[in-house]
């Protein structure tokens, strides 16, 4: 186990470096002048040139990368061009909001997905199974940004029950777990939960169904175990895969909520990212992508290690 | 049903707020720069400029009925030396203090100008400089004669200096020193002399302003307890926020959402202001727009009333380059109206007809600040021009790219031979309103004369504007200049925005000035 | 959005015979759900291709007087959009770009990813390491994030969307192809073929491609729905197809302010994305079970 952990950690390093290179390159091959957004439209050419060198954008790319990554390692992601604030501050406060949304969506999605998936796998090929399968496939097929708009039409515009934007009446700076704030969380969290409900339900259904059809289940019954005991064994066997799927989904929720955050004006990392894209705010753009993808890399690592830890069958060496 | 539940919802949300709090949804994506010279264009100056800060000379924002004019701000009077027309003297208002308690003097003006213009000075701030430096091109040297007398010399005689200085906002030196001379720290706790104090802000989400009860102009001490600014760049999110009672006021509601807003009891406030929506024409050799008959024909081809309908009535049809209500409109002889028959005749005279249609290429962007509804509006213009025999081919680029192409000018290869650019203009003062678009010395990329127009007579008028120091005589020259703009049909003049804002009926006492900036001091919230 | 994550654990290779394929067809034709979906997808594709011959209104013709008319308005069965253009016509024409940008990246990624995976899996050694570690780096990004990052870097446009989505889907397909190839390679009959003097290319062609492409193909079909949603999502964000082209994601975006005037017309483009992606998923499931590929 220990050697596995070490190997897995060593393997992460080159991936992380690769990720940082791609983040950097992606942002820098982009056309358009990043300084356009912050200069008055009628700034002179000299003023533009002075600005460019003030932001270090006149240096060759490898030098810019070296400077950037060198500082990034020590937690300094540079300053946002558009706002002048440290990128690290901006990204972490946004990631906090995204995590809040992602965890809330998980809290909705995972129990429902597990429950539906397990029952469908258990009662395979019944009406119930078909029903769950339909729900699940609907969940994975729905474009969630559209679903978000539809929910806004129904619950905000037509019924007026729930707010349609923002993270609470006082913004995210004052988040608290009271009614006024949670109301803001409901629509985006539900919207975001739909896809993982489908994925978890599908995975668990297949998993549980397969395990029940395996020989060892029959053997357990033959050994005279009670139904409850057999269920316990099945769950134990299904747990590692189910856990890893859920872990990955959490990572996806964080990185994939960009569209949903845009629909609901949720002040998270996705919202930050789409602002950064349209303002061509390079330091902010590369910082946000880097943190999100490194978070995802870390999530993968945790999932792998956790899976190895709880699954005695996996002998990874 | 919807209205009822929204009302219930609104009353539920509001309880947590003190009485007299006005919450505004801005179109900017972020809180404008708070340190003094703001970013985010006109909106930044409106909400974070003239609220927290003052300038030496300000715009009179008290009237909705007439175009606003310059009034004394932190300077009580100013004059140019009778013998040396480059030397200006300003009397600084006495008894003004910054929010931090430090007094405001002529030395602070010098300090603030150095902040923008002198890159060697300790307080030089590239971010504020980027916003402010280009606004005061006339300024050469400046010094404080005593605490309350300031002297500025210009590079050449320039009577538009007062308009230029209306851009420059004064931040506190004492506050900057108290924050370790670090502008980023100042941004969190800025200090100006304005009617509002910034008390807190969450980047990208909200800023809170409270009244400065010590403000030097008692008529402009805010009546509200608090004003909250929220950046809501997405028009839909703004409308939804207003409908669900999350804000009381939104800037620029999308025309499509206006019926839903008025249907739910919200009010739409608008007024003419110095903004225009035109096609800036290329005057390079070979451009069909060099023929005045073609320019006039295009101007006569557009049914501006129909366009106004498309915009939900929220537009002023153009009769010239400046809005009809402008003090510098004058009496142009060429009438900008819808007359397709006359347009066809002019085109025929110019040698175009059904068998030889005129083809033009036009640069447009699907979005952009102040561009109103660029795609449908341009398609409307395209359709109108097609009806008189002008075939328009569009080159569509992103807004950021559009800004670059506008800076580059019509002769740059990157515009791919486009013969016009649909770029809306802030036209509040003589320089931004008239001079910068057509001056020979400002031909792009050295300046903002995109179309490379250069005309001796026009150049002479511009010179007169700069050298006429008597305000009335200067207005007369400005009128003459605008008359030439219209009579020569130098732009395809289409429409003017009216700065619509939607607000809850609880908001009382707002007077929308004919200006990019507004006065928030008289507003109250009725519970 | 996340199917790219559940990289299928692949089954043992199925030895294919003529009987296998007729079995696949037989099983598929007895699956009413998959058949229905196949018909719907086919109908959407055909309608998109032959749109000019369907007697529809001009999808680009705008009329300011006829803006945002409701569903069932005379002459406009599905109403009009924010510029008074015929929704029915735009939805059908919109299928062209949406389906093209939504499906082609998977096709490209299928070829490129399979090739990379085959080479890596067959060659092993440093070639494998080089290819697969590079793939790992791209795989380390959440797919939505990667697609948005690349698209925003390249700028809006059809070609750029195709490129960015293809890059997003190469890594998962390459991974599946590599593990399937590596699995087959170690089997005895490859050794037998090699022993009998077969060249590498022949072995790849005859044995490996024959036995691994099926599972990769099925896996790739399961990505089409994600790709569709993602492609439309890029346009929805404004970094995909440019206006005024009809495309469902872009239509959804430009109709957003219309939800206060005519919500159900505004929701139509999303409904089209939903129906198509649902059918693609069901079709993929049907193929999977017809081809006996395990989850």
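Report summary: the helix-based calculation at 222 nm, which adds -39500 (n - 2.57) for every DSSP H run with n ≥ 4 and divides by the residues of chain C, gives -22500 deg cm²/dmol.
Listed from fewest to most Cβ neighbours within 10 Å, the set B:360, C:25 follows the order C:25, B:360. Compared with the dominant principal axis of the Cα atoms in chain A, helix A:282-310 is inclined by about 20°. Looking at the protein assembly as shown alone, DSSP beta bridges between its own residues are antiparallel in about 75 percent of cases.
Expressed as a whole percent, the proportion of Cα-Cα pairs in the protein assembly as shown lying more than 40 Å apart is 50%. Here the average projected area of the convex hull drawn through the C-alpha atoms of chain C stands at 17.1 nm². The value of relative contact order for region B:187-282, using C-alpha pairs under 8 Å at least six residues apart, is 15 percent. Kirkwood radius for chain A, taken over all pairs of different Cα atoms as the inverse mean of 1/r, rounds to 22.3 Å.
Plainly put, region B:379-527 has a radius of gyration that is 1.05 times its Kirkwood radius, both from alpha-carbon atoms, as the Rg/Rh ratio. The spacing between region C:232-251 and region B:471-524, judged by their C-alpha centroids, is 35 Å.
Computed per residue of chain B from DSSP H runs no shorter than four, each worth -39500 (n - 2.57), the mean residue ellipticity at 222 nm is -8000 deg cm²/dmol. The length gained by stretching the chain between residue A:11 and residue A:71 to full extension, at 0.36 nm per residue less their Cα-Cα distance, is 19.3 nm. When you restrict to C-alpha pairs under 8 Å that are six or more residues apart and normalise by the size of chain A, the relative contact order lands at 28 percent. A full extension of the chain between residue B:441 and residue B:119 corresponds to an added length of 113.4 nm, given 0.36 nm per residue minus the alpha carbon distance. Counting pairs of alpha carbon atoms under 8 Å apart in space and at least six apart in sequence, what relative contact order in percent does chain B give? The normalised contact order for chain B reaches 21 percent.
Spatially, region C:125-182 and region B:426-452 are offset by 48 Å when compared through their Cα centroids.
For chain C, a Gaussian network of Cα nodes joined below 10 Å ranks C:48, C:200, C:62 by mean-square fluctuation, and the top entry is C:200. Helix C:32-49 axis versus longest C-alpha principal axis of chain C: approximately 60°, rounded to the nearest ten.
Fewest-first ordering of B:359, B:91 by other beta carbons within 10 Å of each residue's beta carbon gives B:359, B:91. Counting other Cβ atoms within 10 Å as a rough exposure proxy, the listed residues B:172, C:179 run C:179, B:172 from fewest neighbours to most. Taking every residue in A:132-143 and counting other chain Cβ atoms within 10 Å of its Cβ, the average works out to 6. Helical content of chain A, expressed as a calculated mean residue ellipticity at 222 nm, amounts to -24500 deg cm²/dmol (DSSP H runs of 4 or more residues, -39,500 (n - 2.57) each, divided by residue number, nearest 500).
For chain B, the orientation-averaged shadow of the C-alpha convex hull comes to 24.7 nm² (one quarter of the hull surface). Each of residue C:193 and residue A:180 was given a label point 7 Å from its Cα along the Cα-to-Cβ line. The distance between the two points is 7.0 nm. Which of rounded, prolate, oblate describes region B:44-85, given a ≥ b ≥ c as roots of the alpha-carbon gyration tensor eigenvalues and a/c under 1.5 marking rounded, otherwise prolate only if a/b is larger than b/c? Oblate shape, in that a/c is at least 1.5 and b/c is the bigger or equal ratio. Rounded if a/c is under 1.5, else prolate if a/b beats b/c, else oblate: with a ≥ b ≥ c from the C-alpha gyration tensor eigenvalues square-rooted, which is region B:172-224? Verdict is oblate for region B:172-224. Modelled spin labels at residue B:60 and residue B:81, positioned 7 Å past Cα toward Cβ, are 3.0 nm from each other. Using bins of 5 Å that start at zero, the share of Cα-Cα pairs per bin across region A:93-268 amounts to 1, 9, 16, 17, 16, 13, 10, 8, 5, 4, 2, 1, 0, in whole %. In chain A, the longest principal axis of the Cα atoms and the axis of helix A:45-54 are about 50 degrees apart.
Only the coordinates and a few stated rules stand behind these numbers; no lab work does. Since we're looking at a predicted model, the values are computed, not measured. Using ideal geometry, Cβ is built from the backbone for each residue, glycine included, and neighbour counts are taken over all protein chains shown.
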